[in-house]
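Here the structure comes first, spelled out in structure tokens, and everything after it is commentary.
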Amino acid sequence: GSKELQSICLICRQNLYISENWYHKPSINTRQHNDLCDIHYDLLTQEEKEEYTKIDYRYQLGNEINSYQSVKKTENSSNFFTSSSSDPSPISVSLKNENGNDWKDEQKININSLA
């Protein structure tokens, strides 16, 4: 396989791949990507969806392309901690974002703003 860029969903942290499940909203701060998987993209309002682009080609990432990791996509590398898609519970992560907040706090905000 060729080297492909990848990202992760802001909400559930699953891997996103070009032309598969990667929805991207341009970001001013390139250390914080606004990327969603197809499941969480579907939960957005119509107005919010219009700000996102489904990434089918590298060039759609524009200037932000340099802030993404290129990975060699192998069959088993993405199954590191993938939960089965039938399991609806989100993967809990204790990653800190730049403000030192727990990601879980941010998820609550995200989910509330979708309502």
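The values are calculated or read from the model by the stated rules, or taken from the named source; none is laboratory data. Here the structure is a predicted model, which means the values were calculated and not measured. Every residue, glycine as well, gets a Cβ built from its backbone with ideal geometry; the counts of neighbours run over all protein chains shown. When the accessible area is computed, the model is the full protein with side chains, heavy atoms only, and any ligands, DNA or RNA have been set aside. Shrake-Rupley method; radii C 1.70, N 1.55, O 1.52, S 1.80 Å.
Things to note:
- Cleavage-rule hits (trypsin sites (Lys or Arg not before Pro)) in the range 1-49: DSSP loop, at most 13 neighbouring Cβ within 10 angstrom: ARG31
- Which of ASP56, ASP35, ASP42 is most accessible, then next, and so on - probe 1.4 Å: ASP42, ASP56, ASP35
- Difference of contour (0.36 nm per residue) and Cα-Cα distance, ILE39 to GLU51: 2.7 nm
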